[in-house]
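K.L.:
Here you go, one structure.
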Amino acid sequence: MTQYKGEMPPVCPYCGAKSTLWPDSHVYRRGYDSKVWCCDNWPVCDSYVGVHPDTNIPLGRLANKELRNNRIAYKRVFNFLWQDAMKSKRYSKGKARTAAYRWLAEQLQIKQEDCHFGWWDNDMVIKAGMICINWVNSQPSLLARAKLKIMDHQNILMNAGLDLRITRVK
């Protein structure tokens, strides 16, 4: 599990308010039996973050809707990369994820321990996502498989430049 590097309780990066730990049903229509750190100005501020299972440790920094959506979409492309490597190179899950994070950290020119979608602001999430998208776009056979896995985020990803048009791969 990633060690939490921020303040407790987390401070909202948008309005500067502290946050409070709530049951996740405070934010989601139905609860998932977990908790969220929610900005004390929620719902006006709309920033929150979930916690690691069975802890009060945030999964990252508080995020507004735009950042949450971008994290989900771009992390989906990143996850596809390491999951594809796990299958095609027969890596274990741990080896594939570690190699993917090492590769992404090198591309971003950051330390591997700082390579975490949950800790980044929107600009960094997009930068990392674009690196992953450019890699997928450069690999025709990978692109064909990616189309099947990430279509549920197609609007965000197509706007970012991922070619999701269905084409035949030779």
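K.L.:
Show me the ranking of peptides 15-24, 44-53 by mean Cβ neighbours inside 10 Å, starting with the highest.
P.N.:
Numbers: 15-24: 15.4, 44-53: 17.9.
Taking the mean over residues of other Cβ atoms within 10 Å, the ranking is 44-53, 15-24.
K.L.:
Then there's this: Quick one: which of 35/75; 35/93; 75/111 span more than 24 angstrom between C-alpha atoms?
P.N.:
The pairs that break the limit, which is 24 Å between Cα atoms, are 35/93.
K.L.:
With a probe of 1.4 Å, find how much accessible area the stretch 10-128 has per residue, and write the answer as a whole number in Å².
P.N.:
Accessible surface, normalised per residue, equals 56 Å².
K.L.:
Write down the Å³ per residue value for the convex hull defined by the alpha carbon atoms of the stretch 1-125.
P.N.:
Once divided by residue count, the hull of the stretch 1-125 is 119 Å³.
The values are calculated or read from the model by the stated rules, or taken from the named source; none is laboratory data. All values reported here derive from a predicted model rather than from experimental measurement. Cβ: placed from backbone, ideal geometry, glycine included. Neighbour counts: every protein chain shown. Accessible surface is based on the protein model in full, side chains and every heavy atom, while ligands, DNA and RNA are left aside. Shrake-Rupley method; radii C 1.70, N 1.55, O 1.52, S 1.80 Å.
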